[in-house]
1. Just a yes or no: is a residue in region 548-557 in a helix (DSSP H, G or I), of a type in the set (A, V, I, L, M), at pLDDT 95 or above and under 19 Å from the mean Cα position of the chain (by Cα)?
2. Can you tell me which residues in region 68-105 are modelled with pLDDT of 95 or more, of a type outside the set (S, T, N, Q) and part of a loop (DSSP other than H, G, I, E, B)?
3. Taking residue 283, is it farther than 18 Å from residue 334 by Cα and in the same structural domain as residue 194 (by TED's automatic domain parsing)?
4. Check whether at least one residue in region 303-314 is among the hydrophobic types (A, V, I, L, M, F, W, C), surrounded by fewer than 20 Cβ atoms within 10 Å (Cβ to Cβ), part of a loop (DSSP other than H, G, I, E, B) and out of contact with any Phe, Trp or Tyr (no Cβ under 8 Å at 6 or more places or on another chain), and report yes or no.
5. Can you find even one residue in region 575-582 that is farther than 22 Å from residue 680 by Cα and assigned by TED's automatic domain parsing to the domain that holds residue 487?
6. Kindly indicate which of 528, 552 is over 23 Å from residue 644 (Cβ atoms), among the acidic types (Asp, Glu) and either surrounded by 24 or more Cβ atoms within 10 Å (Cβ to Cβ) or assigned by TED's automatic domain parsing to the domain that holds residue 575 (or both).
7. Of all the strands (runs of 3 or more DSSP E) wholly in region 173-221, which have at least 1 residues that are among the β-branched types (Val, Ile, Thr)?
8. Out of 262, 266, 274, report the one residue that is at pLDDT 95 or above, surrounded by fewer than 18 Cβ atoms within 10 Å (Cβ to Cβ), outside any loop (DSSP other than H, G, I, E, B) and not assigned by TED's automatic domain parsing to the domain that holds residue 408.
Amino acid sequence: MQKMLLFALALAMAAGFSACNNQPTETTETTMRMQSDYPTPPAAAVQPETFSEHGYERVDNYYWLKDKTNPEVIAYLNAENAYADTVMAHTKDLQETLFNELKGRIKEDDSSVPYFDNGYYYYSRTETGKQYRIYCRKKGSVDAPEEIILDENKEAEGQQAFVLAAFEVSPDNRILAYASNYTGSYVEFTLRFRDLTTGKDLPDVIENAGGGAWANDNTTVFYTRPNAALRTDKVFKHKLGTKVKDQLVFEEKDELFSLDVSRSKSGDYIFLTSGSFTSTEYHLLPSSQPDGKFQVFAPRAKDVEYYVSHHKQKFIIRLKDDNHKNYKIMEAPLTGFSDKKNWKDLIPHDPKVMIEDMEVFDKFLAIEVRTNGLQELRVMDLQSGAMQSVTFPEPVYTVFSSSNADYASTKLRYGYMSLNRPSSVYDYDMTTGKSELLKQQEIPSGFNPDDYEVKRLWATAPDGVKVPMALVHKKGMKLDGNNPTLLYSYGSYGSSTDPYFNGNAFSLVDRGFVYAIAQIRGGSEMGEQWYEDGKLMKKKNTFTDFIACAEELVKQKYTSPKRLAINGGSAGGLLMGVVVNMRPDLFQAVVAQVPFVDVINTMLDPTLPLTTQEYEQWGNPNEKEAYDYIRSYSPYDNIEKKDYPHILATGGLNDSQVLFHEPAKWVAKLRATKTDNNITLLRTNMKSGHGGATGRFDRLKEVAFNYAFMIDRLGVK
């Protein structure tokens, strides 16, 4: 699924800027460098393509830019990158300062908190100067000798990028199955197997594979494989050490559904999950019977989602349907589970409380819930039915369960953070109701949470709905309308934009910025209905909610349109493209990362990655009503002859989610159409994909570039 987010002391900025003056100054036309101050930007050749759809004729002058095998396309992207570097050359010192600040907040030699799984304590760590993580384990005790099972730095040697996608150790703890690539793509991987006693990879190599799940025989692995459109539509069975052709176990022919395969926490079952954005279907197989046949848990039904976990005495199900939109928890017997008459309520539906996830243990059930936009953790004693809640000290925060691999554990591992509180890891003792702090994120360059103020605001959307925002700024800031502000959001796929700790953002906050998060419809911050009210034929609520949040910040004098920057990526980049078409006067600078802006062309091409599954998010444009609605907001198709803000668009040449040509076409058409003299830049990572640079320091350089663009365009000194 694509339920897809972005993330100290003020130091000297560019030459001529005061190192000790953190107060913003007014931007004027005489000090702001405009497009005419630089060499002429690259101009993409106009090569009209005409399309006839639902009785309309549509001309696309830049359709040709989608072919990355065309040398002219690559030359154009390189020219755009060179132009972006030229325009931003005067911020080189600022970029370096920002990079050093961002890097200074990272503890370079760090380690995660070990978690217990099948006799070993697993953790990862980083080393000073190295880009990637090192995965390790210790047998039986955290004090045992360290065993390195995968060093990403070694895997990435000589490569332009490295992505580790899946990581599963065999039940006998001897073989590591891992899926990775060197392209930066988040869809296409190679599955390999490492003998952990020798550290050498086995001859078995499976190309174009996804994650895998081990059977109990320690030689059988079930794995997924995507088709040409990158929809995971097949599950295969592989026997280690054999040259027999892998057996196709299951093929999902419905283009709205994708497959996943996993092993239950109990270790007793292999789960094969087929899911769309609105319904799911589980198939299961005892992991002790790898040559058996998968059995349907419950047949798929329209607008019914269910998620299954195995308990040694029953199955536990998280269920959503038309009558239970916020989910409820049910239980089913180990036999006869396919008959829903045998299912019983364990935790009933509450229209005010959304059940987002669950963790099943031998004696306890932990659930993640959301009420009034805030997250909670609740724990049920499976014998007595008693329910307890984990309490938190702050009014705005983010909490999530994490690394709970041990079925027999009586402790719930969870993470906690807020906009001004670095991430902390806790163990919650489910028998005593007490939390133990295991680790708090260290900020080497120094950080005092009490220097900052966190607030929750509510904006009013055009239809009267109240939309929440979370924001952080330095204490003592004046509400005079002159504060530079970054407003971030996503607003799609039901993915909630929570107030997590973003250490990077303090390079802005310490320069006088307000950092704000808009929790708009299309996410699930206020429950499942919040998500449904921001998709399909209600998608425009997402955009008008965001505009309402920006207007509220201006109304309450946090900022002004000339001091307001906005940022979003992927579907959040679609948000950026729409709102600058609707209200270009409201924003001064826009950073749109891998933006999904060519919606009509993409959704009409079923050969492109993920298109058909997306019909349940945006609508099927082959149907006229949906086409007309999508066409009315599609950013690329609604560019007009008018003034636009300063815009930086980023892309990835190997992006498999939002293909690189979308931001490239958008920028080309903007330049050819808009009437202003503001800067419009395109920056494409020619070595990676949807997530940008894969190394942690290279990624910070990209963040520094984006922040320098915003600081420069807002005229902050």
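The values are calculated or read from the model by the stated rules, or taken from the named source; none is laboratory data. As the structure is a prediction and not an experimental result, all values here were calculated from the model. As a convention, Cβ positions derive from the backbone with ideal geometry for all residues, glycine included, and neighbour counts pool all protein chains shown.
1. No, that holds for no residue.
2. Within region 68-105, 88, 105 qualify.
3. no
4. Yes - at least one qualifying residue is present in region 303-314.
5. Looking through region 575-582, none of the residues is farther than 22 Å from residue 680 by Cα and assigned by TED's automatic domain parsing to the domain that holds residue 487.
6. None of the others qualify; the one that does is 528.
7. Once the strands (runs of 3 or more DSSP E) in region 173-221 are filtered for at least 1 residues that are among the β-branched types (Val, Ile, Thr), what remains is 175-181, 190-195, 200-206.
8. That would be 262, the only listed residue that is at pLDDT 95 or above, surrounded by fewer than 18 Cβ atoms within 10 Å (Cβ to Cβ), outside any loop (DSSP other than H, G, I, E, B) and not assigned by TED's automatic domain parsing to the domain that holds residue 408.
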